[in-house]
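Single-structure report; data block below.
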Amino acid sequence: MTNILIGHDETVTNLINLYKSNNLPNKILISGPNGIGKRTISKHLLNFILSINEEFPYNIETFEINPENRSFKLLENNTHPNVFKIAKKQDKKNIEISQIREMIKFQNSSSFNNNMRFVLIENSQFLNLNSINALLKSIEEPNNNLTYIITHNSNYKLLETLKSRCIEFKINLKHEYSELIVNNHFSNKLYKEISQDFKNYYNDPSFLINYIDFTNNEDLDFSSLRIEDLLIKIFNNINLLKNDFIKNNLNLFIELFFYKNINIHKNNLFKAKEYFLKKLSNVDKYNLDKETYFLEFGQLLANE
């Protein structure tokens, strides 16, 4: 996988031009659907700024990060002294207030140089009430030379009090760029081979890349796999619910199943759709046992 930017040249160019003219906002909100490239945009902007006076700086002509660049290596290892990154921990449901408190210490500490410092908050939809209130207090008047870059999944509502404090950059991705990203990742033209069940309904390149990786790991054929086949496999091996790809996309898979089959009204699927999607929402909301829920949903699959 290369470090070349695909499909977001215009957004990164606009941000770079704002930086060059000393007009880069100190509270940037990058919003768009899941997996569309929000993190990638922030990574390229950071590398451009941080690598200006370093060896192997960012290539603005090709929109490419040089993997030999010092700042790139530090950012990849999450050890850059001028960047503090916040993301939801894998075993947690939300970004916790303790993470915001650590960020405030970083914000209030003095830098060993006079270079710009950055707070990067990924997937701000995971901020809970306590963490977002703590963030609001610190973001109101950030220290000089400190810039917030916040990414947000636009499928979720962002608290207006946070949104109003930021300059928002809304991003999208054309179909041809999604195809190019997938093919570029695998150094092969795999996109056209992806099962229509997944490619037609969800054209997010990050999702499709993870889909291919998952099917390869599970010895499945990513080109012919139906949504029903995947759900039945999960039903027959309930431990797959612990797999990150399955865990993060189970809602989507169940929605795709109903979306694909609802028109045939087999076994009154319309009522079943309302029941299972509402129940799944409660499972997520109240952190209930997902295995029990899916075993019940599996009985519907068995009857189909």
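Taking the listed residues F72, F48, F118, F63, the one that is surrounded by 15 or more Cβ atoms within 10 Å (Cβ to Cβ) and closer than 18 Å to A134 by Cα is F118, with no other qualifying.
Residues in segment 237-293 that are among the charged types (D, E, K, R) and either within 16 Å of Y211 (Cα to Cα) or not assigned by TED's automatic domain parsing to the domain that holds T215 (or both): K242, D244, K247.
Within segment 275-300, the set of residues being among the charged types (D, E, K, R) and assigned to a helix (DSSP H, G or I) comprises K278, K279, D284, K285, K290, E291, E296.
Looking only at segment 6-46, residues that are outside any loop (DSSP other than H, G, I, E, B) and in contact with an Asp or Glu (Cβ under 7 Å, 6 or more places away or on another chain) come to 3 in all. Candidates E176, E228, E141, E160: the one that is surrounded by fewer than 18 Cβ atoms within 10 Å (Cβ to Cβ), charged (D, E, K, R) and within 18 Å of H8 (Cα to Cα) is E176. Within segment 35-45, is even one residue polar (S, T, N, Q), buried (at least 17 other Cβ atoms within 10 Å of the Cβ) and in the same structural domain as F126 (by TED's automatic domain parsing)? Yes: segment 35-45 contains one or more residues that are polar (S, T, N, Q), buried (at least 17 other Cβ atoms within 10 Å of the Cβ) and in the same structural domain as F126 (by TED's automatic domain parsing). If you go through segment 175-190 and pick out every residue that is among the aromatic types (F, W, Y) and over 21 Å from K38 (Cβ atoms), you end up with 1.
The values are calculated or read from the model by the stated rules, or taken from the named source; none is laboratory data. Predicted model only: the values in this text are computed from it and were never measured. All Cβ positions, even for glycine, are placed from backbone atoms using ideal geometry, and neighbour counts span all protein chains on display.
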